[in-house]
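First comes the structure, then the notes that go with it.
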């Protein structure tokens, strides 16, 4: 399986996991010129922007370490654009979660980071 197909399969696995946890999946792979958000969902009154990080081993470190401050800023800007194009108020309660996948383990990190520039 090539990297892109493997990534899509892992994102599907993550979306299924989130659904089992009570998340309502709204969108997957939302893209614009500012960046990409893997999964957008609703959960506990929040609009949740979810980043999925997968690793087969620890050679490159923990998967969540790949979510740098630059990556967080891109996700935040993309989330703000999502609110704009969907005519949602900026006051919409939002949250940034991360799904970490290491081999066959899935871990959800709620409130993984705050919005930059808010």
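The values are calculated or read from the model by the stated rules, or taken from the named source; none is laboratory data. Just so we're clear, the structure is a prediction, and the values are computed from it rather than from any experiment. Note that we place each Cβ from the backbone using ideal geometry, even for glycine, and neighbour counts take in every protein chain shown.
Residues that are under 22 Å from residue 81 (Cα atoms), out of contact with any helix residue (DSSP H, G or I) (no Cβ under 8 Å at 6 or more places or on another chain) and loosely packed, with under 13 Cβ neighbours inside 10 Å do occur in the range 10-28. If the condition is being surrounded by 16 or more Cβ atoms within 10 Å (Cβ to Cβ) and within 11 Å of the chain's Cα centre (by Cα), then the range 29-52 contributes 30, 37, 38, 39, 40, 41, 48, 49, 50, 51, 52. Only one entry in 46, 23, 17 is farther than 23 Å from residue 114 by Cβ and touching a strand residue (DSSP E or B) at 6+ places or on another chain (Cβ under 9 Å), namely 17. When residues in the range 65-102 are screened for being in contact with a strand residue (DSSP E or B) (Cβ under 8 Å, 6 or more places away or on another chain), in a loop (DSSP other than H, G, I, E, B) and modelled with pLDDT under 90, 1 of them pass. With respect to the conditions (1) more than 20 Å from residue 4 (Cα to Cα); (2) at pLDDT 75 or above, residue 51 lacks only one, and its number is (1).
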